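See below for the structure under consideration.
The values are calculated or read from the model by the stated rules, or taken from the named source; none is laboratory data. Note that the structure is predicted; figures quoted are calculated from it, not measured. Cβ atoms come from the backbone with ideal geometry, glycine included; neighbour counts cover every protein chain shown.
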Amino acid sequence: MKIDIRKRKAFYIALAVLMAVTIWIYVDMTGSPDGTARIMTKEFKDIPIEYLWEDTVLADRGLMLLEEGTDTTVDVTLRGTRWNLSLIDRDDILIQADLSGITTTGVQTVSNKTGFTTRSLSQIVEFADIKPYTATVNIGELYSKTVDVHCEVVGNVAEGYSAGELTISPTTFEIRGQQEILDQVSYAKVTLDVGTDAVSSVSQLLDFEFYDANDQLLDDKDIHSNVEQVQVNLPVNVTKELALTVDFRESPGARLSNVLVDINPKSITVTGEADILRDVDTLVLSEFDLTKLDSSAVYNYVIPVPEGCENLSGVSQATMRLHFKDMTTATVTTDRIRYENLHTEGRQVDLLTMEVSVDIFGTHADVEAVTGDDIIVVADLTDFNNAVGSYTVPAKVLINSGGDVGVSGTYQVRVNISDAPEDQPTEEQPGEESAEEPAQLRDGAPFPMRRPRRFI
């Protein structure tokens, strides 16, 4: 019940406010004796004057607007109803003075143009008065001069780091103003604060100040420039020792643990931006597939250095020597031939290949342990589901010896695919691999130590 009373009370208060505003607006719009809107005035002081064409037309004529002796603000009085005047803020008022007609130096007057930043405001209020109506301007001769930009660096970099070469953009820029003022300007200066113990590069847009030949700061209110800020970059460098390495790719029978690796030099010293080298501890010379290694080999590589960094070691090439600790090859013949991926019903597959000789490689112990019973050759019939006839199809090799043995070469099996007789009962295909017969797949990657392939 209390909640209902509160809601009702709030409703009545809102309704009363709305009625009061409505009555106030009505009285404001009809409060004159003749029933028309009551007109009032409101004064706005110190509205800034916007001078047009100062940096274009006036500058092209070799003239400039001087602050001393030039009006900067006016007082404005607006006329309208109380309600409409309440909608106006000083930022809505626009006062402009056109300098395009000025062709000579000296103190002169130009008319002030009035308006609003929003066009709709001019339909509800009007300008009643502006003081002064004309703006007094002081015009002087415009001179230009090019000054250098100097940068002062404050702060320090962390121990073990060093500051790189400072870059400034632009290094020079043009300033304009009265000759007696510009003659005092020797250079522009920015100050770059890198903080305490900086460990990364610093890049900032900085404001500049003007100094005379005695390094005294000048008042720049009458100095105009064609840039607003200066870009300054200071690299923070670090020197690191980076190990040289190779990204080895292993495969069954060719493991890194079975290889002796010697890289010379083992590392180099590099300097460069800390942001680049922060997470870099090694340099990868190249990728290397261990299946392409003979019993031993020597390889030369150009040492890659991160972009923007410098190799301080004076060595640009590295040598890698590789040697298998224990490696042999063998050819093993198997009669265990299967097929897979025949999904078409009513087809019969006859294996025409009775034996396949498989080239294997690995350590002596692992290779010698492999027999024909450990090897299964599986013909892939994926692309032959709609075929009828005799075909040579690709095959993969499975090894179930328990050791780490690789297969070299590619293999094929001859098969005959035919429609099964309608009166022949469906039987388990003797060529299909049993799920109870685990085997280790070897991808058949080429290996340089293999014996000549045998195609059956």
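Some points to look at:
- Residue pairs meeting the criteria (Cβ under 6 Å; at least 6 apart or on separate chains; first assigned by TED's automatic domain parsing to the domain that holds I181, in segment 201-216; second surrounded by 14 or more Cβ atoms within 10 Å (Cβ to Cβ) and of a type in the set (S, T, N, Q)): S203/N233; L205/Q231; Y211/S186; D212/Q184; D212/S186; A213/S186
- Scanning segment 368-387 for residues that are among the aliphatic types (A, V, I, L, M) and touching a residue at least 40 places away in the same chain (Cβ under 8 Å) gives V370, I375, I376, V377, V378, A379, L381.
- Subset of segment 161-181 [among the polar types (S, T, N, Q) and part of a strand (DSSP E or B)]: S162, T167, S169, T172
- Residue list for segment 299-327, restricted to those being free of Cβ contacts under 8 Å to residues at least 40 places away in the same chain and touching a Phe, Trp or Tyr at 6+ places or on another chain (Cβ under 9 Å): Y299, Q317
- Any hit, segment 339-347, residues being assigned to a strand (DSSP E or B), more than 26 Å from F288 (Cβ to Cβ), β-branched (V, I, T) and in the same structural domain as N385 (by TED's automatic domain parsing): no
- Per-region count, segment 349-382, residues of a type outside the set (V, I, T), in contact with an Asp or Glu (Cβ under 7 Å, 6 or more places away or on another chain) and in a strand (DSSP E or B): 2
- Test for D219: is it surrounded by fewer than 15 Cβ atoms within 10 Å (Cβ to Cβ), over 29 Å from the mean Cα position of the chain (by Cα) and over 30 Å from N264 (Cβ atoms): yes
- Of the strands (runs of 3 or more DSSP E) lying entirely inside segment 253-328, the ones with 1 or more residues being modelled with pLDDT under 95 and more than 29 Å from F361 (Cα to Cα) are found at 267-273.
- Tally of residues being under 12 Å from V397 (Cβ atoms) and buried (at least 17 other Cβ atoms within 10 Å of the Cβ) across segment 368-383: 7
- Some residue of segment 114-132 being closer than 30 Å to F210 by Cβ and either under 40 Å from the mean Cα position of the chain (by Cα) or at pLDDT 95 or above (or both): no
- Given (1) over 20 Å from Y411 (Cα atoms); (2) surrounded by 13 or more Cβ atoms within 10 Å (Cβ to Cβ), index of the condition H343 fails: (2)
- Residue in segment 301-318 that is closer than 30 Å to L381 by Cα and surrounded by 13 or more Cβ atoms within 10 Å (Cβ to Cβ) present: no
- L52 meets the conditions (1) out of contact with any Asp or Glu (no Cβ under 6 Å at 6 or more places or on another chain); (2) without any contact (Cβ under 8 Å) to a residue 60 or more places away in the chain; (3) surrounded by fewer than 18 Cβ atoms within 10 Å (Cβ to Cβ); (4) of a type in the set (A, V, I, L, M, F, W, C) in every case but one. The failed one is (1).
Residues checked against (1) outside any loop (DSSP other than H, G, I, E, B); (2) surrounded by 16 or more Cβ atoms within 10 Å (Cβ to Cβ):
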position: T114; (1), (2): yes, yes
position: L121; (1), (2): yes, yes
position: F127; (1), (2): yes, no
position: V147; (1), (2): yes, yes
position: C151; (1), (2): yes, yes
position: E159; (1), (2): no, no
position: T196; (1), (2): no, no
position: Q204; (1), (2): yes, no
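- Scan of segment 350-367 for residues that are surrounded by 20 or more Cβ atoms within 10 Å (Cβ to Cβ) and aliphatic (A, V, I, L, M), ordered by number: V356, V358, I360, V367
- Per this entry, T109 is not counted among residues that are under 46 Å from the mean Cα position of the chain (by Cα) and either among the basic types (K, R) or surrounded by fewer than 14 Cβ atoms within 10 Å (Cβ to Cβ) (or both).
- Meets criteria (closer than 23 Å to E273 by Cβ and modelled with pLDDT of 95 or more) for L217: no
- Test: residue in segment 75-93 that is modelled with pLDDT of 85 or more, among the aromatic types (F, W, Y) and assigned to a strand (DSSP E or B): no
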